[in-house]
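J.: Please see the structure below; I have some questions.
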Amino acid sequence: MEKPDEKCARVFIQDGYLWNSGNFVFRADVMLEELQRFEPEIAAATAAAVSAARKDLTFVVLDQDSFGKAPKTSIDYAVMERTSRAVVLTADVGWSDVGEWSAVWRLSPRDGSGNSLRGRAGRH
């Protein structure tokens with residue numbers, strides 16, 4: 001269930017439900033097989049986008065028109081909720097949804113003065 005209300009979320013927690021963080025690990029061939037099985041239109045559109053892709057320096061740029069023909073369905077709904085070839089693991093990997101600057105600050109290493117420096121920053 002996506003975005004349950006507080007009452008429902010409390011029941012889920014009490015009953016030991018797990019949270020889908022949206023992090024998936026899979027072999028490409030297995031995902032392609034499942035995508036072809038459950039969502040052949042998405043599989044066809046993405047295959048066409050790869051077929052018509054172009055190189056830009058070291059990047060592969062998918063064909064926008066082909067890719068745009070794929071139905072707009074998340075991988076959760078397209079495959080993960082339907083496959084019998086998946087497992088769910090509990091893990092404490094220190095993951096954080098870094099969705100705002102305060103989270104970036106919270107996760108940034110700091111020097112002895114409490115400053116967080118990245119890149120070509122330095123003291124003058």
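The values are calculated or read from the model by the stated rules, or taken from the named source; none is laboratory data. Quick caveat: nothing in here was measured; it's all calculated off a predicted structure. Cβ placement follows ideal geometry from the backbone for every residue including glycine, while neighbour counts extend to all protein chains displayed. These accessible areas exclude ligands, DNA and RNA; they are computed on the full protein's heavy atoms, side chains included. Shrake-Rupley method; radii C 1.70, N 1.55, O 1.52, S 1.80 Å.
J.: For the range 25-81, enumerate the residues that are more than 28 Å from residue 1 (Cβ to Cβ) and among the aromatic types (Phe, Trp, Tyr).
T.: 59, 67
J.: Using beta carbons and a limit of 8 Å, which pairs, at least six apart or on different chains, have the first residue in the range 1-12 and within 21 Å of residue 81 (Cα to Cα) and the second one part of a loop (DSSP other than H, G, I, E, B) and open to solvent by less than 100 Å² (accessible area, probe 1.4 Å)?
T.: From the range 1-12, the pairs are 12/4.
J.: Exactly one condition in (1) touching a helix residue (DSSP H, G or I) at 6+ places or on another chain (Cβ under 9 Å); (2) in a loop (DSSP other than H, G, I, E, B); (3) surrounded by 10 or more Cβ atoms within 10 Å (Cβ to Cβ) is false for residue 110; which is it?
T.: Single failed check for residue 110: (1).
J.: Same structure again: Identify all residues within the range 50-75 that are of a type outside the set (Gly, Ala, Ser), free of Cβ contacts under 8 Å to residues at least 12 places away in the same chain and under 23 Å from residue 22 (Cβ atoms); write none if there are none.
T.: 72
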